[in-house]
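Data block below; observations after.
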Amino acid sequence: MPEPSDVVIVGSGPAGLTAAIYTARANLRPLVIEGEPSSTSDQPGGQLMLTTEVENYPGFVDGIMGPDLMAQFRGQAERFGTEFVARKVGRVDLTRRPFGLWIDDTTAAEPDLLANALIVATGAQSLMLHVPGEDLLLGHGVSTCATCDGFFFREQDIAVVGGGDSALEEALFLTRFARSVTVVHRRKELRASKIMQDRAFANEKIHFRWSAVVTEVVGDAKVAGVKVRDVVSGEEEILAVTGLFVAIGHVPNTAVFAGQLDMDEAGYIRTGAGTTTNVEGVFACGDVQDHIYRQAVTAAGSGCMAAIDVERWLEGQKAV
Ligand SMILES: Cc1cc2nc3c(=O)[nH]c(=O)nc-3n(C[C@H](O)[C@H](O)[C@H](O)COP(=O)(O)OP(=O)(O)OC[C@H]3O[C@@H](n4cnc5c(N)ncnc54)[C@H](O)[C@@H]3O)c2cc1C
């Protein structure tokens, strides 16, 4: 059996790496399971690896590229002795102490790793359209976060795809900067609440392209247009926009904890006081438990909280 680590952190986005910096500096020798390289946000470094400029992370007057920011986080965690495993956790057993984690063969009888305390910082992923041009132009006119990127689209014509409350929230926020915002929705009516619809319909910068789906994001180095197809007539046209905000939802990366950690209907982990979960000794931080703010700085803040919660909890265990 492996020796148990004091604390294992699952996830290496802003939340997980901040938790690592704090627990490492508290001499808890954290082990970070950082995820595996992939083309999605479910990769080492998390969602900021998918973006270009980050202008709202405090401390960087001139902004910083997302991957550079995450390299700084990682370097700082490493400096204080954090160890990393570039793998994904495929199974956990939170009914036993120390907790068991499987990273290789999830069918093996014994876990690969044991943890006295566990911090879950597995983040979330934006649902994407999976149309040509989307991947290539992500961070170059395609975005999933109006709060993060709206500022880059001053006096431009842009499109938002989606029909729920979040899509209209994004569209309304974007009218602060954009010249016009076209909401592309595949049906003739919105799923959003009445109040959000009223606000959107009353805003003269917002237009609607009903019964249409995005089939391609056009452009080489940045967005030059968005191709849409009318679902009734089948006709295609190119919207002359320089930005596309994809607002069709998010999924938290929590499948591996299903049935063991309490979650809401959408699969976000429910936290109680601070970062506590329903399992004593397991803490959750960042986007995996926050579907409201979804920012790097709030994720980092809650990573700090999780580290302090773990430190105090482990101290309390020694006294028992
Ligand atoms: C395109 C884009 C641009 C953005 N721009 C900004 C911005 O400008 N400013 C800002 O503040 N915010 C921005 N955000 C939001 C910000 O990136 C997130 O709020 C933040 O990254 C959340 O941090 P997190 O640590 O909670 O999770 P994430 O960053 O999602 O990291 C999750 C981590 O968990 C790992 N993981 C998942 N499942 C497993 C598993 N089973 N085993 C092991 N590891 C696992 C992943 O590999 C990853 O390392 C942007 C997001 C996107 C998508």
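The values are calculated or read from the model by the stated rules, or taken from the named source; none is laboratory data. Here the structure is a predicted model, which means the values were calculated and not measured. Using ideal geometry, Cβ is built from the backbone for each residue, glycine included, and neighbour counts are taken over all protein chains shown. Note: accessible area is taken over every heavy atom of the protein model, side chains too, but ligands, DNA and RNA are not part of it. Shrake-Rupley method; radii C 1.70, N 1.55, O 1.52, S 1.80 Å.
Under a point spin-label approximation (7 Å from Cα along Cα-to-Cβ), what is the Arg191-Gln76 distance to one decimal in nm?
Each label point lies 7 Å from its Cα, and together they span 3.7 nm.
Under the Kirkwood approximation for Rh and a Cα-based Rg, what ratio Rg/Rh is obtained for the range 13-62?
On the way: Rg = 13.0 Å, Rh = 12.5 Å.
Ratio of gyration radius to Kirkwood radius: 1.04.
If I take every Cα pair under 8 Å that is 6 or more residues apart in the chain, average their sequence separation and divide by the length, what percent do I get for the relative contact order?
This gives 20 percent for the chain.
I want to verify a result. In a Gaussian network model of the chain, Cα cutoff 10 Å, which of these has the top mean-square fluctuation: Asp198, Asp135, Asp230?
Largest GNM mean-square fluctuation: Asp198.
What is the distance, in nm, between label points placed 7 Å from the Cα along the Cα-to-Cβ direction at Glu280 and at Thr215?
For Glu280 paired with Thr215, the spin-label model returns 6.0 nm.
If you scale each eigenvalue of the Cα gyration tensor by 5 and take the root, what three semi-axes come out for the range 141-287, rounded to whole angstrom and sorted largest first? Walk me through the numbers before you get to the answer.
On the way: eigenvalues 223, 55, 52 Å².
Ellipsoid semi-axes (Å, largest first): 33, 17, 16.
Starting from the Cα of Arg179, step 7 Å along the direction of its Cβ; do the same at Glu3; then give the gap between the two resulting points in nm.
6.5
State in Å² the accessible area per residue of the chain; use a 1.4 Å probe, count heavy atoms of protein chains only, and round to the nearest integer. Don't skip to the answer; put the middle values down first.
On the way: 15350 Å² over 320 residues.
Per residue, the chain has an accessible area of 48 Å².
Which parts of the range 1-37 would a label at Glu315 reach, counting a residue when its backbone N lies under 19 Å from a point 7 Å out along Cα-to-Cβ?
6-8, 19-30
Let me know the charge dipole size of the chain about its Cα centre in debye, to the nearest 20, where only the beta-carbon of Lys, Arg (+1) and Asp, Glu (-1) is charged.
On the way: 27 positive and 42 negative charges, 108 e Å.
Rounded to the nearest 20 debye, it is 520 debye.
Along the principal axes of its C-alpha atoms, what lengths does the range 221-320 span, in descending order and rounded to whole Å?
70, 29, 19
Show me the ranking of peptides 269-277, 185-193 by mean Cβ neighbours inside 10 Å, starting with the highest. Intermediate results must be reported in sequence, preceding the final value.
Numbers: 269-277: 17.2, 185-193: 15.6.
Averaged packing, sorted descending, gives the order 269-277, 185-193.
Can you give the helix-only mean residue ellipticity at 222 nm for the chain, where every DSSP H stretch with n ≥ 4 adds -39500 (n - 2.57) and the sum goes over all residues, rounded to the nearest 500 deg cm²/dmol?
Working: 7 runs with 77 residues, N = 320.
The per-residue figure over the chain is -7500 deg cm²/dmol.
Taking 22 Å as R0, compute the FRET efficiency from the Cβ-Cβ separation of Asn56 and His291 and round it to 0.05. Spell out each step's value before the answer.
Details: r = 19 Å, r/R0 = 0.86.
Using R0 = 22 Å, I get an efficiency of 0.70.
What figure in square angstrom, to the nearest 10, would you give for the accessible area of Ser126 with a 1.4 Å probe?
Near enough 30 Å² of accessible area.
Rounded to the nearest angstrom and ordered from largest down, what semi-axes does the equivalent ellipsoid of the chain get from its C-alpha gyration tensor (root of 5λ)? Display every interim value, and only then the final one.
Values: eigenvalues 312, 77, 63 Å².
After diagonalising the Cα gyration tensor, the semi-axes are 40, 20, 18 Å.
Report the Cα centroid-to-centroid distance between the range 83-97 and the range 52-76 in angstrom, as an integer.
28
Could you tell me which of Ile158, Ser126, Thr182 has its Cα farthest along the dipole of the range 64-195 towards the positive end, charges placed at Cβ (Lys, Arg +1; Asp, Glu -1), taken about the Cα centre?
Thr182
Calculate what fraction, in whole %, of the accessible area of the chain sits on carbon and sulfur atoms when a 1.4 Å probe is rolled over the protein chains. Each step should come with its number before you reach the end.
Details: 7720 of 15350 Å².
The nonpolar share, carbon plus sulfur, comes to 50 percent.
Can you tell me the 0 to 90 degree angle between the C-alpha axis of helix 296-319 and the longest principal axis of the chain, rounded to 10?
Helix 296-319 sits roughly 20 degrees off the main axis of the chain.
Report P(r) for the range 128-182: all Cα-Cα distances, bin width 5 Å, range 0 to the bin holding the largest distance, values in whole percent.
4, 19, 33, 24, 16, 3
Any idea how far the Cα center of the range 1-22 sits from the one of the range 124-178, in Å?
Centre-to-centre distance over Cα atoms comes out at 32 Å.
Just to be sure I understand the curve: with the Debye formula and one point per C-alpha of the range 150-215, what is log10 I(q)/I(0) at q = 0.15 Å⁻¹?
-0.39
In the chain, what % of DSSP beta bridges are antiparallel (nearest 5)? If you can, show how the numbers build up before the last one.
Values: 23 of 53 bridges.
About 45 percent, rounded to the nearest 5.
With all protein chains present and a 1.4 Å probe, how do Met65, Met128, Met1, Met70 order by accessible area, largest first?
Details: Met65 80, Met128 45, Met1 145, Met70 5 Å².
Greatest to least solvent exposure: Met1, Met65, Met128, Met70.
What accessible area, in Å² to the nearest ten, does a 1.4 Å probe give for Lys194?
Here the residue's solvent-accessible area equals roughly 140 Å².
Subtracting the Cα-Cα distance from 0.36 nm times the residue separation, let me have the gained length for Asp93 to Asp105 in nm, one decimal. Intermediate results must be reported in sequence, preceding the final value.
Details: separation 12, 0.36 × 12 = 4.32 nm, distance 1.40 nm.
My answer for the length gained is 2.9 nm.
Write down Rg/Rh for the range 1-149, rounded to two decimals, with Rg from the C-alpha atoms and Rh from the Kirkwood relation over Cα pairs.
Numbers: Rg = 16.8 Å, Rh = 16.4 Å.
Answer for the range 1-149: 1.02.
Sort His140, His250 from largest to smallest accessible area, using a 1.4 Å probe on the heavy atoms of the protein chains. Please report the intermediate quantities before stating the final value.
On the way: His140 80, His250 55 Å².
I get His140, His250, largest accessible area first.
Please state, to two decimals, what the Cα-based radius of gyration of the range 116-228 comes to when divided by 2.2 N^0.38 Å (N = residues).
On the way: Rg = 15.2 Å, N = 113, 2.2 N^0.38 = 13.3 Å.
Normalised Rg, Cα atoms only: 1.15.
Given Gly225, Gly267, Tyr293, which one lies farthest toward the positive end of the charge dipole of the range 211-320, if we put +1 on the Cβ of every Lys and Arg and -1 on the Cβ of every Asp and Glu?
Value: Tyr293.
Helix 14-25 versus the longest principal axis of the chain: what is the Cα-based angle in degrees, 0 to 90, to the nearest 10?
20
Under the definition of Cα pairs under 8 Å and six or more residues apart, what whole-number percent is the relative contact order of the range 223-320? Display every interim value, and only then the final one.
Values: 111 pairs, mean separation 16.1, N = 98.
The value is 16 percent.
What is the helix-to-structure angle for 165-174, meaning the angle in degrees between its Cα long axis and the longest Cα principal axis of the chain, kept from 0 to 90 and rounded to the nearest 10?
In the chain, helix 165-174 runs at an angle near 70 degrees to the longest axis.
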